[in-house]
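Q: One structure is given below, represented as structure tokens, and several questions about it will come after.
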Amino acid sequence: MCGIVGYVGPRDAVPLLLEGLHRLEYRGYDSAGVAVAVDGGLRVVKTAGRVGDLRKAVPEGTAGATGIAHTRWATHGEPSDRNAHPHVDAASRIAIVHNGVFENSDRLRARLVADNVPLASDTDSEVLAHLVARSSATTLEDAVREALAQVEGTYGVIVMDADRPGELVAARRGSPVVLGVGEQEMLVASDVTALVRFTQQVIYLDDDEIATVTADGYRTSTMDARATTRSPTSIDVASAEYELGDHPDFMYKEMREQPEAVDRCLRGRLDHRFSSARLDGVGLTPQDYQRIRRVKLLGCGSAYYAGQLGAQLIEELARIPADAEPASEFRYRNPVVDPDTLYVAISQSGETLDTLAAVQELKRKGGHVIGVVNAVGSTIARECGHGIFLHAGPEVSVAATKSFTTMAVALAMLALDLGRVRDLSITEGRRLVTGLARLPHQIAQILAGEQEIEAVARKYARAEHMFFVGRVRGWPAAREGAQKLKEISYVHAEAYQASELKHGPLALIDPEMPTVVLVPDDELLAKNTATIEEIKARGGPVIAVTDAELPAGLATDVIRVPKAHDSLAPIALSVPLQLFAYHLAHALGRDVDRPRNLAKSVTVE
Ligand code: G6P
């Protein structure tokens, strides 16, 4: 949530900060602001709206060699000019940007008010600027340290002081902060997306670490002032991967990249000799695999649905009881942590706070947890230490597309590997290896059929509600399909197990209620065709998404996908649902990359 960026160096900070914010907009986009050090003071410009609005609001000639900036996803206080960051102290000497939540801000605000400190916003974040300003410490770093000792909650912060231009202080607890090391210049940001155009050399701060950065270097230490030694690592993501190119938006680009992303995810991991998967990063021996009695998959949003799909695959292929649970529910229900369970934390960004907290709770209780993560160097990846990287490339659009598909593929490989250590035969293993290797081509075929999917989507663009139904293997894909539609088009979409339809939801079926039915060509085909008949008998339009040959006229509309291995069919079936949601959202004129109220990286609770 919220993007923060800072710059110190010889160049004018303003265009760099605006460019950095533009890259971070997927983290939040309800207001934005920038502060630069100018002639012994601060120049602050902030506005409700998007980074584009801020760009227009910055007066011509605003320049400074040190600055901080912020793009917001509101937690405390409505999106407005006054609640936008950066926040400053009463004398306009200290400016701060903050990503996270200060949970004791009410108490701190009351204390400041009692001391006659004027508060200029409704935010939890503003208190930090005042607390830093009130410190009598002799360095900015110590003043920030003292101030942060008084706050409870999570933060990634950057602080600047007009009396010390040429210096920034950054710190983190729970929300990511990355330093970018350039030639005689330094950047600080909430993630590498804002940095890649300027440098490939980065340092990920650890929790409870604080850094002072100047144009010619950086110094890191712990919150209790013990120096830490941090060397930069290289990020292997080219800045071109963050560019839109000829694509209309990032969601489109990312859907189109799926064949390549799945290919990269599979590369070097399919073991043709033993008809298995080679997942060295998981760091478990066959003996360890044998001891696993249960698998628990944790994630949020699309990562949770991918986990559900993975749990189904693990039970099916490895015959190990497996289930998925939203990471937030898990962390708060005082879970029983079992030494014979393999825990799998799934996250594209590797920064989702609820998933991270679940990992930390698991580790604290002695659980064994691996990560299925896209962002290398992210907090969850580092916290887990072992796991499977997705190699999907950067995903910018709020709606998960290629990350969902590669999560499912990575979990299919885990299921295959677990299965082959147990009872899955070499023949069945071979069929799965072949099925996985075919997926990139099959996904390319689905994408090539985009026009037909677009036509179906446009036909239903006036619907106010939609059902997505699936059975067993199709159920997680149906949930993800409904999620995609509601988040980017704002059409109310609900997912149901097909078998549950007649226990209530069927009452809602009428000609105004279209139902998307997932129909894998598997042993439940007859059950699914019966479901379609039941919906049709009540006058409901049916869009069948299938890899089977359905009788002509059975469904109102049919979206066909190539026949995949039965176990892998849900992966193929979920791709056209992305295109369906995408084109329906476009038909309604939605901003698919930045859906209202949402953000891509949810680093607050
Ligand atoms: C947000 C995004 C979703 C995403 C979820 C989990 O809600 O809008 O698209 O699925 O976070 O994110 P993660 O980075 O942990 O996969």
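Q: Output wanted: per-residue J couplings in Hz (rounded whole) for region 492-498, from phi through Karplus 6.51 cos²θ - 1.76 cosθ + 1.60, θ = phi - 60°, x for Gly and Pro.
A: Computed from phi, the couplings for region 492-498 are 5, 10, 10, 9, 9, 5, 4 Hz.
Q: Taking 8 Å as the Cα distance limit and 6 or more residues as the minimum spacing, I'd like the relative contact order of region 211-357 as a percentage.
A: 17 percent
Q: Using a 1.4 Å probe on the protein heavy atoms, what percent of the accessible area of region 244-448 belongs to carbon and sulfur?
A: The value for region 244-448 is 48 percent carbon and sulfur by accessible area.
Q: Could you give the angle, 0 to 90 degrees to the nearest 10, between helix 140-149's Cα long axis and the longest principal axis of the Cα atoms of the chain?
A: Roughly 60 degrees, rounded to the nearest 10.
Q: Here is a follow-up. Given a 1.4 angstrom probe, what's the average accessible area per residue across the chain, in square angstrom?
A: I get 37 Å² per residue for this part.
Q: Could you work out how far helix 474-489 tilts from the main Cα principal axis of the chain, as a 0 to 90 degree angle to the nearest 10?
A: 50 degrees
Q: Would you mind pulling out the separation of the Cα centroids of region 322-377 and region 1-18, in Å?
A: So the two Cα centres are separated by 34 Å.
Q: Going toward the positive end of the dipole of the chain, with +1 on Lys and Arg Cβ and -1 on Asp and Glu Cβ, which of 335, 275, 515 do you reach last?
A: After comparing all options, I get 275.
Q: If you don't mind, another one. Ignoring everything except DSSP H segments at least 4 long, calculate the 222 nm mean residue ellipticity for the chain; use -39,500 (n - 2.57) per segment, divide by total residues, nearest 500.
A: -11000 deg cm²/dmol
Q: Out of residues 5 or more away from residue 521 or on other chains, whose amide H comes under 5 Å of its own, with H placed 1.01 Å from N in the peptide plane?
A: It is 547, 548, by chain and number.
Q: Once phi is turned into θ = phi - 60°, what whole-Hz ³J(HN,Hα) does the Karplus curve with 6.51, -1.76 and 1.60 give for every residue of region 336-347, x standing for Gly and Pro?
A: Running phi through 6.51 cos²θ - 1.76 cosθ + 1.60 with θ = phi - 60° gives 6, 9, 10, x, 9, 9, 9, 9, 10, 9, 10, 6 Hz.
Q: Need the C-alpha centroid separation for region 62-109 versus region 511-580, integer Å.
A: Here the answer is 49 Å between Cα centres.
Q: With a sphere of radius 11 Å drawn around the Cβ of residue 488, what net charge do the other residues whose Cβ falls strictly inside it have (Lys, Arg +1; Asp, Glu -1)?
A: +1
Q: May I pose another question? Starting from the amide H of residue 87, placed 1.01 Å from N in the peptide plane, find each other amide H under 5 Å away whose residue is 5 or more places distant or on another chain.
A: It is 96, by chain and number.
Q: With just the Cα atoms defining each centre, how far is region 240-294 from region 188-225? Give it in Å.
A: Their Cα centres are 29 Å away from one another.
Q: About the Cα centre of the chain, how large is the charge dipole given +1 on each Lys and Arg Cβ and -1 on each Asp and Glu Cβ? Please answer in debye to the nearest 20.
A: About 840 debye.
Q: Which entries in 484/600; 486/527; 459/536; 253/484; 502/600 show an alpha-carbon gap greater than 25 Å?
A: Among 484/600; 486/527; 459/536; 253/484; 502/600, the Cα-Cα distance tops 25 Å for 486/527; 502/600.
Q: With an 8 Å cut-off on Cα pairs and a minimum separation of 6 or more residues, tell me the relative contact order of the chain in percent.
A: The normalised contact order for the chain reaches 12 percent.
Q: Tell me the net charge near residue 460. Cut-off is 12 Å between Cβ atoms, residue 460 excluded, with +1 for each Lys or Arg and -1 for each Asp or Glu.
A: Cβ neighbours under 12 Å give a net charge of -1.
Q: Give the shape of region 391-431 as rounded, prolate or oblate, defined through the alpha-carbon gyration tensor: a ≥ b ≥ c are the square roots of its eigenvalues, a/c under 1.5 means rounded, and otherwise the shape is prolate if a/b is larger than b/c and oblate if not.
A: It comes out prolate by the Cα gyration axes.
Q: Same structure again: If you take every residue apart from residue 528 with its C-beta less than 11 Å away from the C-beta of residue 528, what net charge results, scoring Lys and Arg +1 and Asp and Glu -1?
A: Local charge sum for residue 528: -2.
Q: Would you kindly work out the equivalent ellipsoid of region 431-528 from its C-alpha gyration tensor and give its semi-axes, the square roots of five times the eigenvalues, largest first in whole Å?
A: Calculated on Cα positions only, the semi-axes equal 25, 19, 11 Å.
Q: Can you give the convex hull volume of the alpha carbon atoms of region 449-591 per residue, in Å³?
A: With only Cα atoms used, region 449-591 gives 92 Å³ per residue.
Q: Right, next: In 10 Å bins starting at zero, report the fraction of Cα pairs in region 5-72 per bin as a rounded %.
A: So the P(r) values, bin by bin, are 25, 57, 17, 1.
Q: Shifting gears a bit: Once you have a ≥ b ≥ c as the square roots of the Cα gyration tensor eigenvalues for region 244-448, tell me rounded if a/c is under 1.5, and otherwise prolate or oblate according to whether a/b is larger than b/c.
A: Oblate shape, in that a/c is at least 1.5 and b/c is the bigger or equal ratio.
Q: Sticking with this structure for a sec: Under 5 Å between amide hydrogens, which residues at least 5 positions from residue 76 or on another chain qualify, with H placed 1.01 Å from N in the peptide plane?
A: Sorted by chain and number, the residues that satisfy this are 124.
Q: Spelling out what I want: for every residue of region 400-405, take phi, set θ = phi - 60°, compute 6.51 cos²θ - 1.76 cosθ + 1.60 (Karplus), and round to whole Hz; glycine and proline get x.
A: With coefficients 6.51, -1.76 and 1.60, one gets 6, 10, 5, 5, 4, 4 Hz.
Q: Using a ≥ b ≥ c from the Cα gyration tensor of region 369-520 (square roots of the eigenvalues), is it rounded, prolate or oblate, where a/c under 1.5 gives rounded and otherwise the larger of a/b and b/c decides, a/b for prolate?
A: prolate
Q: Please compute one quarter of the surface area of the Cα convex hull for region 329-442 and express it in square nanometres.
A: If I average the Cα hull's projected area over directions, I get 8.3 nm².
Q: Principal axes first, then extents: for the Cα atoms of the chain, list largest minus smallest coordinate on each axis, whole Å, largest first.
A: 76, 55, 44
The values are calculated or read from the model by the stated rules, or taken from the named source; none is laboratory data. These numbers come from a predicted model, not from an experiment. A quick note on method: Cβ atoms are made from the backbone with ideal geometry, for glycine too, and the neighbour counts reach across all protein chains shown. These area figures cover heavy atoms from the full protein model, side chains too; ligands, DNA and RNA do not enter into them. Shrake-Rupley method; radii C 1.70, N 1.55, O 1.52, S 1.80 Å.
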